[in-house]
1. If a residue counts only when it is hydroxyl-bearing (Ser, Thr, Tyr), which helices (runs of 4 or more DSSP H) contained entirely in segment 184-252 have at least 1 such residues?
2. Which of the residues belonging to segment 250-299 are in contact with a strand residue (DSSP E or B) (Cβ under 8 Å, 6 or more places away or on another chain), closer than 20 Å to ALA109 by Cβ and hydrophobic (A, V, I, L, M, F, W, C)?
3. Could you tell me whether VAL130 is open to solvent by less than 10 Å² (accessible area, probe 1.4 Å) and either modelled with pLDDT under 95 or within 16 Å of the ligand (Cβ to nearest atom) (or both)?
4. Could you count how many residues in segment 5-40 are surrounded by 19 or more Cβ atoms within 10 Å (Cβ to Cβ), touching a Lys or Arg at 6+ places or on another chain (Cβ under 8 Å) and under 29 Å from CYS216 (Cβ atoms)?
5. In segment 179-203, what residues are under 22 Å from the mean Cα position of the chain (by Cα), touching a residue at least 24 places away in the same chain (Cβ under 8 Å) and on the phi < 0 side of the Ramachandran plot?
6. So, in segment 146-178, how many residues would count as being within 13 Å of the ligand (Cβ to nearest atom), open to solvent by less than 40 Å² (accessible area, probe 1.4 Å) and either over 18 Å from VAL130 (Cβ atoms) or of a type in the set (Phe, Trp, Tyr) (or both)?
7. Exactly one of these conditions fails for ASP211: (1) more than 15 Å from LEU148 (Cβ to Cβ); (2) surrounded by fewer than 23 Cβ atoms within 10 Å (Cβ to Cβ). Give me its number.
Amino acid sequence: MARVVVATAFGGPEVLSIVDEDAGTPGEGEVRIAVRAAGVNPVDWKRYSGAMSTAAALPMRLGFEAAGVVAEAGAGAEGPAGGVAAGDEVIAYRIDGGYADEVVVPASALVPKPAAMGWEAASGLMLAGVTAFHALAATGVGAGDTVLVHAAAGGVGLMAVQLAVARGARVIGTASEGHHERLRELGAEPTTYGDDGLARRVRALAGDGVDAAIDCVGTDEAVDVSLELVADRGRIASIAAFARGRQAGIRLLGGGPGADPGTEIRKAARLELTALVAQRKLTVDTRAFARSEVADAHREGRTGHVTGKLVLVND
Ligand SMILES: NC(=O)c1ccc[n+]([C@@H]2O[C@H](COP(=O)([O-])OP(=O)(O)OC[C@H]3O[C@@H](n4cnc5c(N)ncnc54)[C@H](OP(=O)(O)O)[C@@H]3O)[C@@H](O)[C@H]2O)c1
C-alpha cells in the first residue's frame, strides 16, 4: 500500500489527510516510482482551496513533481532521455499525486536525476524551473540585457535569477532584506519591494535602463513598475497577474486565463535544466518537511515569504 496525501474537502490545510491506497501496477508506457521527495508549489493549496474551481473530484491527490527511484517499469516505458528501467533515479514532472511514497506515472514525465543532485533539490527543480525557463524565453532575455525579477527569492524567482545569470544577463531582483544576501550569492542585485519607491530604487541600480521584467508575484506594484521601466511590453511577462496583465498587454504565462501555457517549451526545458544542474550552473534551495507534516508545509508556503522550494520527504 502507498501512503498518499489527499485533500478530502475544499478548504485550508486542515482538509489534508494521509491515506493508504494501492499504488497500482504500471501499464504500457508507465512506471511505478518509489518517491524520495516531492516538490511543494502554491498551485497545490490553490487547487484544494476552492479558489480555482470546486469542480474537481474529491478526495484530491496532490503533487505535480517528485524525485525517486523507478520500482517497476511497464512495457515500452520511455522518457525524453530514452528507455526507463527499474532502479533508475528520476525526476518526475508533470505528474499527478507526487505527495505519496509510491506513485504510478507515465514514463514520458521522467528525466534522469543528475547524479550529484540530492533528492530534495531534485524534487523541487522542475515546476519552478520550467516556468522560469519559459519566462526567460518569452521575454527574450540574453547576454547584455538587464532584467528585473519581481519576487526573486521565491521558488520561481530563484530559478529565473540563476537562468538569467547563466545567459549572461544582469539581474535586479526584488525581495525582503533577509533574502538579499542569497540573491547576491547567485549573481543578482537585490532591492526591496514596497514603500512606493521601487521604480526609483531600480533606476538607481540599473543606470542604463531595464530591458525586460519577469513578475513572479502578481502585485499591482510589480506590474506598474515593470510598465514604467520596460519600454517594450512584449518583454514583460507575468506568471501571476492575469487580470491586470491582460489589460496592460503584457505576456501572461502558464495555466491562467488567456495565458500562453508554453507546453512544448516547458517540456523541452526539463533536460536543459538537468544539464545546467550537472554543470553546476543551477541549484535548488530547499526546506524539507516530513510528509506527515504536509499541513504545516502548506501553512508555511501560504505565508508567501518562503525562499526557494518547500519539499516533502518520507517520514
Ligand atoms: N503561471 C505559471 O506557470 C506559474 C508557475 C509557477 C508558479 N506560479 C504562481 O506564481 C507565484 C509564485 O510562485 P512561487 O512558487 O515562486 O511562490 P513562492 O515561492 O511562494 O514565492 C514566495 C516569494 O514571494 C516573495 N514576495 C511575497 N510578497 C511579495 C511582494 N509583495 N513583492 C515581491 N515579492 C514578494 C517573497 O519574498 P520575501 O520572502 O523576500 O518577502 C518570497 O520569496 C504563485 O502565485 C504561483 O501560484 C505560476
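1. In segment 184-252, 220-229 are the helices (runs of 4 or more DSSP H) which contain 1 or more residues that are hydroxyl-bearing (Ser, Thr, Tyr).
2. Matches in segment 250-299: LEU271, VAL284.
3. So VAL130 passes the test.
4. Count: 6.
5. Passing the criteria: HIS179, ARG182, LEU183, LEU186, ALA188, PRO190, TYR193.
6. Qualifying residue count, segment 146-178: 7.
7. (1)
The values are calculated or read from the model by the stated rules, or taken from the named source; none is laboratory data. Keep in mind it's a predicted model, so treat the numbers as computed, not measured. All Cβ positions, even for glycine, are placed from backbone atoms using ideal geometry, and neighbour counts span all protein chains on display. What goes into the accessible areas is simple: the full protein's heavy atoms, side chains included, and nothing from ligands, DNA or RNA. Shrake-Rupley method; radii C 1.70, N 1.55, O 1.52, S 1.80 Å.
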